[in-house]
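Take a look at the structure below.
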């Protein structure tokens, strides 16, 4: 059994855990098994395909650790904040603000499954282990990953800080990062606890989805605002500490730099510093007390939620009746429509992109707004930024083949389905109408309000492009049956395959832009798209029915 | 090979009879009980304003195989989960091995084995790793747990799959691992929820026999299942739950006398007030044939 380095580090804190009433030996054993399982997540499926290969220890590599470099890049991007000067309270608070956002989103999207794992209850809960140890194991499990994550984000800023501002800066930075992690972890858990206490499990699962959309939007906007802030605000402007700033957590972590490095004796800074140190520690203490209660409420997740979806799906049936397609297409349209709405993991993967798609067109217009003003928008060609709202299409199409219950795909093979194209067409249609169409309508309405009714023909042409785009994405990406593969096989490299499609979206937009310079160009473009649509919707699916 | 098998079968047969005798003795002892292992008094449980348990009273003594039966949603699993400390917030008194799950006590779990209805396991582990881990959680050393787990699985014909990940196992293989993991630490009470599901006919015989021997050795077995034939055969006491209440409690013979029906299945139907199976089946088929 592998002895993980993180566990060796953990051993040093043994005394601390025992003081908290945790059975350390058991805790360590649980963590060891958990880490081992994480490392295996992907290979276990792959080894199924290779005969007997699973006998030998298949190569174990932690998927999560492999994707850390992305966070490293994020960290590198935020390094300038450290270099900008020595207005520590300002720079470091901003930096911690960004870091808190990033860790919080990562925690909610990637580690909710660990915090909310109910398998643990059946397997560990029935064993003679006290609940405190079980919940602590869970917490430490997540915390180990958070440390890796923060390490990846923080490594470059830390090194830059060390070189530029010295050892003390580095030490304070590191300590504050760890405290921040604790705070973020506890905040997330508390949020779950609150939701679980008052709602049932289904609600919580839905909430996670909405929180994700919300976060992607907030972060994107937040980033934009921050950058803008720096355009206007002179960095040398003295930062005036005010009492209400005690409400803003990142300030707590920025204040120690002022107190310890600059020797500031402003009582407010000292209060902030104390908050930054005491609140996380206090939070952890409360958390340890409350954790068993969270565990107890987790049982709700296991119980069937009271879903009142009586009959339901009026839209689904209504639309299915309207669609000019065959009966099997309609059947798969309704099926995919329901699956998209219920498949938890699908939503987890797709909804963040949904947030991006909603916000991106506006972000770009917003960037230009300063030059032209709200009134000046009419008559410009900025409305073509609406093409950005098709960003989510490739991701959706890519994700359609995965399901948490992929094994149920036997139904495709046992049912008398003559033509696979019906499956594909129905599914892509459902994705298009359920996920893309609402965004399209929402953005179009807003754009008409911003740019005037004159752009309506352009929006219709864009509508034609956005119906063509999923078909092309489908033909290019996946020929697998929908909902037929486990999410675990979704590889990082798949994401790379999307890039050409995103470029294609750019081409669509550019051609449109070009067409606006030719008289009747947009209409001609529209007709071409219409023809392409009819051809591809008819052909693309049957030719791809190879597998 | 054949000789060995017939020899084994003979041995099993002899053992079988002996066990049956012992079991009958055990059943007689029941009349003068000592200290109950499990005692439940007026247990009530409410989920979202709906009572799933409406006052359960129950005492269980060593050496009993209790067939715990009832229609879907009668509250069987909930009772078991309460006893295991998985579900909290109940009213009434529950004592298992002298401890109450309400106090947050965990020591009594050391003497309990549990096979849940859904085969939930850490299935990215191999059987060897899983059993070692579970054994350790019950306080065994890793070496003991592994050694014992390996020999037990070999007995069930899974020796070849020890180092294969559980995720690749068939349903029956998983079930064997679950059963083994529930017995590794030699518990005094066993909670089994459909323990035979997915097992082939031969393995079913082994497990049934295994339960009989365990009970003869003084273990208490709490057996929930929907397969009435099995419950009828192996249980020394049958408890029938309906609507969160115990509607019958006694040996199979006692239940038979009471309801004047031939099989446990019929008794079950009668006591739960279900007698329209024929009508439903006919209706069902007529709908099937509509197309």
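Relative contact order for chain B: what percent, with Cα pairs under 8 Å and sequence separation of 6 or more? Relative contact order comes out at 23 percent. Using 7 Å Cα-to-Cβ label points, what is the residue B:163/residue A:159 separation (nm, one decimal)? It is 4.0 nm.
So, R0 is 45 Å and r is the distance between the beta-carbons of residue A:327 and residue A:380; what FRET efficiency does that work out to, to 0.05?
0.45
For segment B:73-139 and segment A:242-266, write down the distance between their C-alpha centroids in whole Å. Here the two parts' Cα centres lie 49 Å apart.
Less than 11 Å from a label point 7 Å out along the Cα-to-Cβ axis of residue B:44: which backbone N atoms in segment B:57-90 qualify, by residue? None, by backbone N distance to the label point.
Each of A:337, A:537 was scored by other Cβ atoms within 10 Å of its Cβ. Listed from fewest to most, they are A:537, A:337. Once the C-beta distance of residue B:277 and residue A:523 is scaled by a Förster radius of 60 Å, the resulting FRET efficiency is 0.30 to the nearest 0.05.
Given a Förster distance of 51 angstrom, what is the FRET efficiency for residue B:217 paired with residue A:244, based on the Cβ-Cβ distance and rounded to 0.05? Each step should come with its number before you reach the end.
Details: r = 71 Å, r/R0 = 1.38.
Computed FRET efficiency for residue B:217 and residue A:244: 0.10.
For the pair residue B:59 and residue B:270 in one chain, pulling the backbone fully straight at 0.36 nm per residue adds 73.5 nm over the alpha carbon distance.
When only alpha carbons are used to place a centre, segment A:410-444 and segment B:145-202 end up 42 Å from one another.
Comparing mean-square fluctuations of B:38, B:189, B:238 from a GNM of chain B with C-alpha springs under 10 Å, the top value falls on B:38. Among B:184, B:196, B:137, which one shows the biggest mean-square fluctuation in a GNM of chain B, springs joining Cα atoms closer than 10 Å? Highest fluctuation among the options: B:137. Per-residue Cβ neighbour counts within 10 Å put A:145, B:61, A:412 in the sequence A:412, B:61, A:145, beginning with the fewest.
When the gyration tensor of segment A:314-543 is built from Cα positions, what are the square roots of 5 times its three eigenvalues, in whole Å, from largest to smallest? List each step's numbers first, then the result.
Details: eigenvalues 214, 74, 50 Å².
For segment A:314-543, the ellipsoid semi-axes come out as 33, 19, 16 Å.
Highest GNM mean-square fluctuation among B:102, B:76, B:50, for chain B modelled with Cα contacts below 10 Å: B:50. Take the Cα of residue A:535, step 7 Å toward its Cβ, do the same at residue A:318, and the gap between the two points is 3.6 nm. Entry note, segment A:314-543: relative contact order of 29 percent, from Cα contacts under 8 Å with a spacing of 6+ residues.
One Cα centroid belongs to segment A:274-297, the other to segment A:356-402; the line between them spans 41 Å.
Modelling each spin label as a point 7 Å along the Cα-to-Cβ direction, I'd like the residue A:504/residue A:270 distance in nm, to one decimal. In this crude spin-label approximation the distance works out to 6.5 nm.
Only helices enter the 222 nm calculation for chain B: every DSSP H run of n ≥ 4 contributes -39,500 (n - 2.57), and dividing by all residues gives -13500 deg cm²/dmol, rounded to 500. When each of A:99, A:77, A:385 is scored by the number of other beta-carbon atoms lying within 10 Å, the sequence from fewest to most is A:77, A:385, A:99.
Laboratory data are not the source of any read-out in this text; all were calculated from the coordinates shown. If you're wondering where the values come from, they're calculated on a predicted model, not measured in any experiment. Here the Cβ is made from the backbone with ideal geometry for all residues, glycine too, and neighbour counts use every protein chain on show.
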